[in-house]
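Student: Below: one structure in structure tokens.
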Amino acid sequence: MPETTPAHAAVVLAAGGSRRLGRSKQLVAHDREALVHRAARLAQTTFPACTVVVVGAEADAVQAAVADLPVRCIECPDWRRGMGASLRAGLAALPAGSAGALIVVCDQPFLEAAHLQRLVHAWQAQPQRAAASLYAGRLGVPALLPRAWFDALDGGDGGARELLARRGGEVAAIADERLAFDIDRPADLARLRDPPPR
């Protein structure tokens, strides 16, 4: 990449307790790969300066699932407070030279590398703005937030979604309706066998 291209880091959120699912969604296997491994592996295809995996519930097992990848795992002590707390922990662990953070979650099994790469390219074109996924009529994750936005996250349960909604006029939207499907309840596991149309 040219020297003028802003550098981004990746933050993979993998700390939740998955109460509604009844088991750790991070460790659910899809195509014989744990979802946390898949999320971290896909994030790596964007060539981040570093990748941080935020762990909490079942931390040892989640760390073991990504042990073969060049990632850094950090524990979020207050992961029970929700995704926002995990996100703040991940952002705080990034090196100062990261101009933005690509936020990826573990429960979108139909996420593809090409979508993450489109997000990064959109952000690099206007690095003072964010780039976010658009599905189900809303902006959401995966998303790439510029560093100037980090302090605006309140650490609550909503994660980045409320911030993206508030500042929607400053967001490049990359649409992919397949991302509306996530692993939340036991019935969702059965639907993994039937991918949504492209």
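Student: Given labels modelled 7 Å from the Cα in the Cβ direction, how far is it in nm from His121 to Ala148?
Tutor: 2.5 nm
Student: Further, regarding this structure: Let me have the 222 nm mean residue ellipticity of the chain computed from DSSP H runs of 4+ only, each contributing -39500 (n - 2.57), with the sum over all residues rounded to the nearest 500.
Tutor: -7500 deg cm²/dmol
Student: Which order results if Trp149, Trp123 are arranged by neighbouring Cβ count within 10 Å, fewest first? Provide the component values of the computation, followed by the final result.
Tutor: Working: Trp149 21, Trp123 27.
Final ranking by Cβ density, sparse to dense: Trp149, Trp123.
Student: Length gain on complete extension for the stretch Leu189 to Ala114, per 0.36 nm per residue less the alpha carbon to alpha carbon distance? Kindly include the intermediate steps, with their values, before the conclusion.
Tutor: Values: separation 75, 0.36 × 75 = 27.00 nm, distance 2.38 nm.
Stretched fully, the Leu189-Ala114 segment lengthens by 24.6 nm.
Student: Now for a different question. Suppose we look only past 24 Å in the calculated P(r) of the range 8-191. What percent of the Cα-Cα pairs does that tail hold?
Tutor: Values: 4893 of 16836 pairs.
Taking all Cα-Cα pairs of the range 8-191, the fraction more than 24 Å apart is 29 percent.
Readers should treat all values here as calculations from the given coordinates under stated rules, not as data from a laboratory. Keep in mind it's a predicted model, so treat the numbers as computed, not measured. Ideal geometry is used to build each Cβ from the backbone, glycine not excepted, and the neighbour counts take in all protein chains shown.
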